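The values are calculated or read from the model by the stated rules, or taken from the named source; none is laboratory data. Since the model is a prediction, treat every value here as computed from it, not as a measurement. Ideal geometry is used to build each Cβ from the backbone, glycine not excepted, and the neighbour counts take in all protein chains shown. Please note that ligands, DNA and RNA were not included when accessible areas were found on the heavy atoms of the full protein model with its side chains. Shrake-Rupley method; radii C 1.70, N 1.55, O 1.52, S 1.80 Å.
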Amino acid sequence: DEETTKWFGDRPEITANCNDKQCCLVELDERIAASWRHGKRHITLIGVRDVAEVSQMVAWLSEKKRPLRN
């Protein structure tokens, strides 16, 4: 429930705005890991290629969270 989490230990991290969500990004070898709040939870992606791919996933998950409209 903390605002910031340390999923990736002491690895250097940056924050980026991905589709209007603040994401924590960490380099893992040739790929990256990303984590952000989604409602009351955190979502973490492992093995994404770049910030554009993270933004695409954030957008997709945000769309799925919206209530269905009639």
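Report yes if GLN22 is open to solvent by 40 Å² or more (accessible area, probe 1.4 Å), in a strand (DSSP E or B) and modelled with pLDDT of 90 or more, otherwise no.
Against the criterion (open to solvent by 40 Å² or more (accessible area, probe 1.4 Å), in a strand (DSSP E or B) and modelled with pLDDT of 90 or more), GLN22 qualifies.
Which members of region 1-14 meet the condition of being modelled with pLDDT of 90 or more and surrounded by fewer than 11 Cβ atoms within 10 Å (Cβ to Cβ)?
Scanning region 1-14 gives no hits.
Which residue pairs have Cβ atoms closer than 9 Å, lie 6 or more positions apart in sequence or on different chains, and pair a first residue in region 14-25 that is small (Gly, Ala, Ser) with a second residue that is surrounded by fewer than 16 Cβ atoms within 10 Å (Cβ to Cβ)?
ALA16/GLN22
Which of the residues belonging to region 26-61 are in a strand (DSSP E or B) and either open to solvent by 50 Å² or more (accessible area, probe 1.4 Å) or touching a Ser or Thr at 6+ places or on another chain (Cβ under 6 Å) (or both)?
Residues satisfying the conditions are GLU27, ARG31, SER35, ARG37, ARG41, HIS42, THR44, ILE46.
Restricting the search to region 8-19, which residues are assigned to a strand (DSSP E or B) and within 11 Å of the chain's Cα centre (by Cα)?
Within region 8-19, THR15, ALA16, ASN17, CYS18 meet the criteria.
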